[in-house]
Amino acid sequence: KNQVEQSPQSLIILEGKNCTLQCNYTVSPFSNLRWYKQDTGRGPVSLTIMTFSENTKSNGRYTATLDADTKQSSLHITASQLSDSASYICVVRRTGGFKTIFGAGTRLFVKA
Amino acid sequence: DGGITQSPKYLFRKEGQNVTLSCEQNLNHDAMYWYRQDPGQGLRLIYYSQIVNDFQKGDIAEGYSVSREKKESFPLTVTSAQKNPTAFYLCASSIEGGQGAYGYTFGSGTRLTVV
C-alpha cells in the first residue's frame, strides 16, 4: 500500500535551535518527494523537491535529504525562527497511475 | 500577481443544504484539484480536472460535485449527501495533469463548518 508516514506528529523547540523532521514512505514506483510548509489557516507552500538521484536539497535554512534505498527523507531546519511555526508536509509522487500521496504533517511550534 | 484564490474563507452550512466553494486561478494552469484536509490526516483528493469540460473523481468524491466550464475556474459543491462535510478545503493547480508532477500551487483554503 502506498503510504507516507511522518514523525513526530508535533514538536516544540526554542527559537534559534535546530530540528529535524522525518518522513518514511512506501510509495512505489517513486517519482519525486516534496516538502511543503503550511501556516495555520493557509494553503501549503513548496519548500523543496527531490528526485530519485538527488540526496540533498537546500532552501535557505531548510535542508531536505533523501535516501531512496531506505525510503526515508528528512527536513532539517537550522537556527529556527518564530515564523517557522507551521505544519510541514511530506508529499511523495509515484510514476504511473498519476498518484500523489500526502503525509499527515508534523506540527512545529517555535517558542521565544 | 499570479495566484489561486479561494472564497469564502469561512463557510457555514446547515443540515440538508448544498454549498459551493469558489476557486479561481490566473496562472494559466491546465490542471486543477480539490483536496480535503482533516486533523491528523494527509490531504485527500476529492476531484481533479486536467482540461476544460473534463474532470475525474478522486479518492473521496461521494457527496461532492464539480464543474470546469472555464480554464480559470473550478468550483466545488458540497451536497447534502456528504454526511461529514466539516473540514478545511484546499484548491490547487498545476501546469499539467498527472496530479502535480511539477508541484502544486495551493489556494488559502475554505473552512466549512456544519451548524
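The values are calculated or read from the model by the stated rules, or taken from the named source; none is laboratory data. Every value quoted in this text rests on a predicted model; they were computed, and no experiment measured them. Note: ideal-geometry Cβ built from the backbone for every residue, glycine included; neighbour counts use all protein chains shown. All accessible areas refer to the heavy atoms of the entire protein, side chains included, with ligands and DNA or RNA removed. Shrake-Rupley method; radii C 1.70, N 1.55, O 1.52, S 1.80 Å.
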I'm checking my understanding of the structure. Among residues of the stretch B:57-87 that are within 11 Å of the chain's Cα centre (by Cα) and part of a strand (DSSP E or B), which one is nearest to the other protein chains (Cβ to nearest Cβ)? B:LEU76
I need a count of the residues in the stretch B:5-28 that are more than 14 Å from chain A (Cβ to nearest Cβ), more than 12 Å from B:PRO75 (Cβ to Cβ) and open to solvent by 20 Å² or more (accessible area, probe 1.4 Å). 7
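Considering each of A:VAL91, A:VAL110 in turn, give the residue that is among the β-branched types (Val, Ile, Thr), assigned to a strand (DSSP E or B), within 13 Å of chain B (Cβ to nearest Cβ) and open to solvent by less than 70 Å² (accessible area, probe 1.4 Å).
Values: A:VAL110 fails: within 13 Å of chain B (Cβ to nearest Cβ).
Checking each option against the conditions leaves just A:VAL91.
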A:SER80 passes all but one of (1) over 24 Å from A:SER10 (Cβ atoms); (2) open to solvent by less than 60 Å² (accessible area, probe 1.4 Å); (3) away from every other protein chain (no Cβ under 13 Å); (4) polar (S, T, N, Q); which number fails? (1)
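Pick from A:THR70, A:THR65: which is more than 14 Å from chain B (Cβ to nearest Cβ) and assigned to a strand (DSSP E or B)? Steps first, please.
Values: A:THR70 fails: assigned to a strand (DSSP E or B).
From the options A:THR70, A:THR65, the qualifying one is A:THR65.
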Please work out which residue is most open to solvent (accessible area, probe 1.4 Å), limiting yourself to the stretch A:39-51 and to residues that are under 16 Å from A:ALA64 (Cβ atoms) and within 10 Å of chain B (Cβ to nearest Cβ). A:VAL45
Any chance the stretch B:88-99 includes a residue that's open to solvent by 10 Å² or more (accessible area, probe 1.4 Å) and either away from every other protein chain (no Cβ under 14 Å) or without any contact (Cβ under 8 Å) to a residue 40 or more places away in the chain (or both)? no
